[in-house]
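The values are calculated or read from the model by the stated rules, or taken from the named source; none is laboratory data. These figures come from a predicted structure and were not determined experimentally. Because the Cβ atoms are built from the backbone with ideal geometry, glycine has one as well, and the counts that use them run over all protein chains shown. With ligands, DNA and RNA removed, areas are computed over all heavy atoms of the protein, side chains included. Shrake-Rupley method; radii C 1.70, N 1.55, O 1.52, S 1.80 Å.
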Amino acid sequence: MVKNKFGFKSVIAVAGVSVLAMTACTGPAANDGGSESGGASTGAPVVVGTTDKTTFLDPAASYDNGSFMVMNQIYPFVLNSAAGSADPKPDLAESASFTSPTEYTVKLKTGLKWANGSELDSKDVKFSFDRQLKINDVNGPATLLANLDSVEAPDATTVVFKLKLGNDQTFPQVLTSPAGPIVDDSVFSADAVTTDEDIIKGKAFGGQFTIDTFKKNELISFKKNPDYKGLLGAAKSDSVIMKYFADSNNLKLEVEKGGIDVAWRSLTATDIDSLKTKKNVKVDIGPGGEIRYIVFNFDTMPFGAKTANADPAKSLAVRQAMADSVDRAAIADQVYKGTYLPLYSYVPAGFTGAIEPLKEVYGDGNGGPDVDKATKALADAGVETPVTLDLQYNPDHYGSSSGDEYAAIKAQLEATKLFKVNLQSTEWVSYSKQRTADAYPMYQLGWFPDYSDADNYLTPFFSTDNFLKNHYSNTAVQDMITEQLTTNDEAKRTKLIEDIQTAEAKDLSTLPLLQGAQVAVSGVDVKGTKDTLDASFKFRLGVLSK
């Protein structure tokens with residue numbers, strides 16, 4: 001039996017299939033892939049700059065925004081979302097729908113092939129999801145497939161996804177997520193991570209673009225894939241070059257002087273303010289689903305389960321006192337100049353079910369800090385002060401302002417006289433590995449949603465086998481997460497999502513801090529940038545042209 005990653009105690013009886021879930025995804029044939037603002041290409045490559053990093057090209061081995069951005073250009077999906085929308089539509093699929101509460105059946109287009117000439121069919125789709133579950137890499141997105149029991153490929157164009165629980169309200173969205181890229185079974189390993197070199201050498205590309213040149217985290221040269229027949233259509237430009245920058249200062253200077261055409265993640269708030277005044281660039285802002293937060297490791301944080309003085313009540317009091325002490329509004333205003341907003345919830349504003357339980361429970365009750373309340377939380381639990389906190393942040397993955405953000409947090413916590421903060425930083429490539437190896441008692445993370453549903457802010461974080469690997473587990477929370485996933489009554493599901501956040505506000509396995517928007521800066525001659533800043537949070541190079 002496949003390990004039950006959700007920790008489901010029992011299979012929920014299936015009373016019926018939801019209207020949403022039974023809605024078939026029948027999409028248009030390949031379109032021209034853009035809106036009116038994306039005009040004909042001049043033939044010159046569009047150059048995009050970023051400070052993000054690519055950890056792996058193998059979808060089984062990475063679960064970060066920088067890697068997924070590249071994957072979105074080179075791999076096809078069963079379902080995807082076109083520019084301007086977050087709705088799942090057929091990509092490789094010709095049609096897709098629930099044919100029973102626990103079976104999601106996909107019919108693929110015919111005549112599909114990889115850039116290396118190999119046939120792309122149902123075997124590749126089954127292979128892609130089987131290997132995700134088998135490899136289950138600690139830094140991969142396999143937890144998104146927790147409800148997937150098995151995949152069948154009865155013929156070359158038919159795929160049947162068999163689910164553990166029926167009425168899964170999120171499964172079509174999961175197919176568009178980082179767990180959803182389809183890979184070539186003639187190139188990728190079935191049970192191990194495939195190297196970037198082998199993927200490039202094998203030309204295992206099936207998306208809008210292939211990769212012509214690959215210098216990891218220095219430069220990627222993308223070339224239009226003439227064999228792509230999916231939802232996104234033909235790319236507007238024949239080639240796109242992605243340049244990687246070590247810091248945002250150089251990224252800002254390059255877009256300002258025209259050395260690059262588009263600056264995409266991450267400019268500082270000060271840089272964005274400055275660039276808004278320049279006549280040779282334009283600043284586009286899209287919906288904000290990004291959140292920033294602190295993760296608590298329940299084993300290694302002060303009084304954690306594997307520390308010498310383990311005490312769950314004292315551990316909780318430390319988290320509560322930190323929640324009472326931070327001033328989110330000050331960080332949003334002083335560090336991010338309003339490009340981020342204070343976040344008092346686990347599901348950010350704008351999503352169904354978003355509430356603000358932390359605003360009421362902690363601090364002054366209006367979102368501000370309250371030192372007296374923090375002092376009482378620690379005193380009531382018998383915690384001696386000051387408490388030493390070893391707090392880690394990352395300086396290169398979430399933008400250079402992270403240093404200012406965490407300096408502000410340290411200052412706020414130490415101003416209470418209740419804490420002494422040892423602040424340390426680590427580059428992302430090491431950080432992403434060390435955080436899951438219990439190296440950090442508490443640490444910074446950010447989240448860019450995999451798909452536009454409140455569940456994407458719940459299941460990955462608070463399920464027993466969550467991707468945070470912070471040893472948090474709450475059976476009642478787990479049960480509510482499982483129930484909301486399969487509840488097709490909208491009001492009842494919304495109430496469950498609210499109740500999960502209320503319960504989490506008491507447990508505080510993470511401390512939400514800020515919610516941000518998508519921002520891209522481009523030259524005035526560049527078309528299409530704003531078209532891809534939608535609620536799917538996918539940056540599609542294929543819409544860009546000049």
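Worth a mention:
- Integer Hz, Karplus 6.51/-1.76/1.60 couplings in order for region 506-516, x for Gly and Pro: 7, 7, 6, 6, 9, 10, x, 10, 9, 10, x
- Furthest towards positive pole of dipole, S62, F419, L231, structure part the chain, Cβ charges: L231
- For the chain, the solvent-accessible area works out to 37 Å² per residue, with a probe of 1.4 Å and every protein chain left in place.
- Reciprocal mean inverse distance between Cα atoms of region 497-545 - Kirkwood radius, Å: 14.0 Å
- Förster radius 35 Å - calculated FRET efficiency between T388 and Q334, Cβ distance, rounded to 0.05: 0.85
- 222 nm mean residue ellipticity, helices alone, for the chain (DSSP H n ≥ 4; -39,500 (n - 2.57); rounded to 500): -7500 deg cm²/dmol
- Using the empirical formula 2.2 N^0.38 Å as the baseline, the Cα radius of gyration of region 155-206 reaches a ratio of 1.44.
- Integer Hz, Karplus 6.51/-1.76/1.60 couplings in order for region 60-72, x for Gly and Pro: 6, 10, 9, 9, 9, 5, x, 5, 5, 4, 5, 4, 5
- Stokes-Einstein translational diffusion, region 440-509 - Kirkwood Rh over all Cα pairs, 1.567 mPa s, 4 °C, in µm²/s: 102 µm²/s
- Distant-in-sequence amide H partners of E94 (H built 1.01 Å from N, under 5 Å): K107, L108, K109
- Using alpha-carbon coordinates, inclination of helix 475-485 to the longest axis of the chain, degrees: 30 degrees
- Of K53/K433; K113/K223; K53/K215; K53/K243; K224/K546; K89/K223, those spanning more than 18 Å from alpha-carbon to alpha-carbon: K89/K223
- Flagged links, alpha-carbon separation over 26 Å, of K203/K236; K123/K469; K126/K538; K373/K469; K126/K236: K123/K469; K373/K469; K126/K236
- Ignoring aspartates and glutamates fewer than eight residues from K276 along the same chain, the ones with Cα atoms less than 12 angstrom from its Cα are E256, D284.
- For region 200-232 and region 270-288, distance of Cα centres in Å: 29 Å
- Fraction of accessible area attributable to carbon and sulfur, the chain (%, probe 1.4 Å): 51 percent
- With all protein chains modelled, accessible area of E197 [1.4 Å, Å²]: 120 Å²
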